[in-house]
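The values are calculated or read from the model by the stated rules, or taken from the named source; none is laboratory data. Just so we're clear, the structure is a prediction, and the values are computed from it rather than from any experiment. Using ideal geometry, Cβ is built from the backbone for each residue, glycine included, and neighbour counts are taken over all protein chains shown. Ligands, DNA and RNA are excluded from the accessible area calculation, which covers all protein heavy atoms including side chains. Shrake-Rupley method; radii C 1.70, N 1.55, O 1.52, S 1.80 Å.
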Amino acid sequence: MNPYFLEYSIIGIAGLIFGAALERGRMCFVLATNNMFMAKDTKILEGILLAFGISILAFGIIESAGIVPIQSAVQGVFPAGWYDLVGSLLFGFGIGLCGACMSGLIFRAGSGFTQNWMQLFGILVGTIFFAFIIFPLTNFLYWILHTIPWLNLKPGFADYIPHEWFGNAVWGPFVVALIFGGLFLILGLYLTKRRFGKISKERGVNYKEPIITWDMLKFKEAYSPRLGGILFAVVAVIVFLASYFTVHKVAYMGVTTPYGSFDTYILAPFINLYNTVGHYKASFLPKISSNWFQIVPVAIPMTLLVITTFAGSTTTAILGGEFKWRVPKRKIMFLQNFIGGIFTGVGARIALGCNIGTLWSGFLMFSWAGMLFLPTLVLGMYLALKFQQAIW
Amino acid sequence: MAEEKSLENVKPDETLDVLGETCPIPEAMAHKKLNKMKVGQVLEVYTDHAAAVENSFPSMLNKLNYPYCVTKTGPGEFTIKIKKTS
């Protein structure tokens, strides 16, 4: 079988599962953190922690067992540095304003929330704004910050934590996965146990929530966040293995970068950004035709993943009877989502990715990028929540 | 506090229409409105954000210890009645 066809087919199907997991499991980082800050509720967070824990452990096993050799895995490792801290703060504030992270955005836009379509538009505008204004400036910032060593971790192999800690030891990835993945998993399981205990005490019964039921499978009720989390992890493993065993070799899972590349499709008849603008020249995305009427190729498998994730979310929203075009009564919400979308786009470009591409993939690739992205992401979302509580 | 069916037929004192809006707006605005209301009054919230109905509202209202009642009024549309008790 043609390896391209195989890779795109597998990743396309993985996207459908991913979309279903997002929509049915309500897997949104903003929802998880808002519930935490506002009511100390951890239900959605537990699913996300489970997704991180299981997938990190799986990647450690895959790399240490040599299913995907370390030398190949390391090619996908994200460079990490000051830009993760700065970018994720802006990104976190942006997604907080819109009430949807990149995964939450896909399932909400796919369920018919028109304000999130405005966020999608804002991200495209933010990407272009970054490319024309901020990118040239960041070269200047790079120059300044390179003189501050503690803010600038070296990209490539040096950011691969197993190599940094254990050299070329084959068991390195597994031990690192055990530390980080184990931490996420234990925290997720602990929070679930604590929540069940609290509800049991309140209701005077032994409270438990099933991970999966027939009604969930029949789309009559939403997935438990834990089921969503498990599917999240399964998709990451499928994409990782499909990438390695077919064409692209480099395993990376992202949403914002392939989505942001849609601006190049829209502007193709007017300007070929890939040949003219520094940010796109530096991009790993392939060059596309400047003729709108030619068949525009799906640039990278991740672009297809975004499209099928969207399709998966919409399909399960329809099957669950939840699809509806939703227009906010307060039209100012369109403006808020547009501005939030610009922050989302700019932040994701500065940090070289979003909560999927840099945060989750960062941890999966055993790079410091995920670790640097996390604290300022949470801070950004917190600030956006406080801002909205103050103005609305 | 668990959901209370007895609130179903109670006439609301205040209403909040947040149809089309996503988290944290529905629960944040409801919280703000409840703060301004008198003890014993009932707030009716119209929302079509299922994730808020399943997660954010129950967790916030359980923490506040306010009884509430959720009614599905259409595909993906809900009405939540909340009684301010303290």
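Numbers for the structure displayed
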{"item": "Condition broken by A:GLY81, with the remaining ones in (1) modelled with pLDDT under 95; (2) open to solvent by 10 Å² or more (accessible area, probe 1.4 Å) satisfied", "result": "(2)"}
{"item": "Selection within the range B:70-86 - in a loop (DSSP other than H, G, I, E, B) and facing chain A (nearest Cβ under 8 Å)", "result": "B:PRO75, B:GLY76"}
{"item": "Meets criteria (more than 24 Å from B:VAL18 (Cα to Cα), open to solvent by 30 Å² or more (accessible area, probe 1.4 Å), modelled with pLDDT under 95 and not hydroxyl-bearing (Ser, Thr, Tyr)) for A:LEU352", "result": "yes"}
{"item": "Qualifying positions in the range B:1-38 - surrounded by 14 or more Cβ atoms within 10 Å (Cβ to Cβ), in contact with an Asp or Glu (Cβ under 8 Å, 6 or more places away or on another chain) and not basic (Lys, Arg)", "result": "B:PRO12, B:GLU14, B:LEU16, B:LEU19, B:GLY20, B:MET37"}
{"item": "Residues (β-branched (Val, Ile, Thr) and either in a loop (DSSP other than H, G, I, E, B) or within 14 Å of another protein chain (Cβ to nearest Cβ) (or both)) located in the range A:345-373", "result": "none"}
{"item": "Count of the range A:34-70 residues which are open to solvent by less than 20 Å² (accessible area, probe 1.4 Å) and of a type outside the set (A, V, I, L, M)", "result": "11"}
{"item": "Spans of helices (runs of 4 or more DSSP H) in the range A:165-263 with at least 3 residues open to solvent by less than 70 Å² (accessible area, probe 1.4 Å) and without any contact (Cβ under 8 Å) to a residue 24 or more places away in the chain", "result": "A:172-203"}
{"item": "Those residues of the range B:54-69 which are outside any loop (DSSP other than H, G, I, E, B) and either within 8 Å of chain A (Cβ to nearest Cβ) or more than 14 Å from B:LEU16 (Cα to Cα) (or both), in sequence order", "result": "B:GLU54, B:ASN55, B:SER56, B:PRO58, B:SER59, B:MET60, B:LEU61, B:ASN62, B:LYS63, B:LEU64, B:TYR68, B:CYS69"}
{"item": "Hits in the range B:29-47 (condition: closer than 18 Å to A:ALA390 by Cβ and touching a residue at least 40 places away in the same chain (Cβ under 8 Å))", "result": "B:ALA30, B:LEU34"}
{"item": "Test: residue in the range B:16-23 that is closer than 18 Å to B:LYS83 by Cα, facing chain A (nearest Cβ under 7 Å) and of a type in the set (A, V, I, L, M)", "result": "no"}
{"item": "First in the range B:2-15 and at pLDDT 80 or above, second anywhere and part of a loop (DSSP other than H, G, I, E, B) and surrounded by fewer than 14 Cβ atoms within 10 Å (Cβ to Cβ), Cβ under 6 Å, 6 or more apart", "result": "none"}
{"item": "Residue count, the range B:1-40 (criterion: of a type in the set (A, V, I, L, M, F, W, C) and part of a loop (DSSP other than H, G, I, E, B))", "result": "8"}
{"item": "Total residues in the range A:91-139, condition open to solvent by 20 Å² or more (accessible area, probe 1.4 Å), at pLDDT 95 or above and more than 27 Å from A:GLU322 (Cα to Cα)", "result": "1"}
{"item": "Selection count, the range B:48-86, where residues are in contact (Cβ under 8 Å) with a residue 60 or more places away in the chain and on the phi > 0 side of the Ramachandran plot", "result": "1"}
{"item": "Residue match in the range A:26-34 (condition: polar (S, T, N, Q), touching a helix residue (DSSP H, G or I) at 6+ places or on another chain (Cβ under 7 Å) and at pLDDT below 90)", "result": "no"}
{"item": "Number of the exception - B:PRO26 against (1) without any contact (Cβ under 8 Å) to a residue 60 or more places away in the chain; (2) more than 9 Å from every other protein chain (Cβ to nearest Cβ); (3) over 22 Å from A:TYR382 (Cβ atoms)", "result": "(3)"}
{"item": "Residue tally, condition in a helix (DSSP H, G or I) and without any contact (Cβ under 8 Å) to a residue 60 or more places away in the chain, over the range A:19-60", "result": "4"}
{"item": "Number of the condition not met by A:THR114 [criteria: (1) of a type in the set (Val, Ile, Thr); (2) touching a Ser or Thr at 6+ places or on another chain (Cβ under 7 Å); (3) within 14 Å of another protein chain (Cβ to nearest Cβ)]", "result": "(2)"}
{"item": "Tally, over the range B:39-69, of residues that are surrounded by fewer than 20 Cβ atoms within 10 Å (Cβ to Cβ), in contact with a helix residue (DSSP H, G or I) (Cβ under 6 Å, 6 or more places away or on another chain) and under 15 Å from B:LEU7 (Cα atoms)", "result": "1"}
